[in-house]
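Notes to accompany the following structure.
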């Protein structure tokens, strides 16, 4: 019986797409509602004024949901509260925006580092192929060393093309998705559907934000 139950677990199918569209995604936009009771539910109480950092529990909530989303899905964070001043709302919006802008910058550095290594390895691979062609008349041992280096570089280049490069592009897009998050404040959660005008407005705001960072 225990073995049969194990087989049942293996055959069970996930319902992620259904659950995402039931709970979060409407008209291609993901809404994450969260209820707070104080300013410090969002902002780390250890941070100081003008150098605010988000509360780690708060960012963990956002990121645990974001990792399930399609990477082309805009995110709206709906903060439900009745305890904040207008100034505190402005600080929260700026803190979230700047935190994920820094996170995006870290991902960009990682992408550049891997891309630079890929280019160096590719040039080295081409040079080694040329040296192997020139070394037809050399003794066997030097040619074996060339072959070892050639396959090492070739393996690294292929890994980047087939695996690492894809993962980096996905990480870059996911970081850009979080850096483009929109924050709104509500007294209560309204799960009504987005209108076409609201969808178009959100897309145009994201496009404007992206274009400003490219300048």
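The values are calculated or read from the model by the stated rules, or taken from the named source; none is laboratory data. This structure is a prediction, so every number in the text was calculated from the model and none was measured. We place every Cβ from the backbone using ideal geometry, glycine too, and count neighbours over all the protein chains shown.
Annotations
- Residue 143 being in a helix (DSSP H, G or I), modelled with pLDDT of 90 or more and either surrounded by fewer than 17 Cβ atoms within 10 Å (Cβ to Cβ) or under 30 Å from the mean Cα position of the chain (by Cα) (or both): no
Matching residues to (1) modelled with pLDDT of 95 or more; (2) out of contact with any strand residue (DSSP E or B) (no Cβ under 6 Å at 6 or more places or on another chain); (3) under 20 Å from residue 177 (Cα atoms):
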residue: 43; (1), (2), (3): yes, yes, no
residue: 47; (1), (2), (3): no, yes, no
residue: 54; (1), (2), (3): yes, yes, yes
residue: 72; (1), (2), (3): no, yes, yes
residue: 83; (1), (2), (3): no, yes, no
residue: 89; (1), (2), (3): yes, no, no
residue: 113; (1), (2), (3): no, yes, no
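- Taking segment 23-59 as the range and being part of a helix (DSSP H, G or I), free of Cβ contacts under 8 Å to residues at least 40 places away in the same chain and surrounded by 10 or more Cβ atoms within 10 Å (Cβ to Cβ) as the test, the residues that pass are 23, 40, 41, 57, 58.
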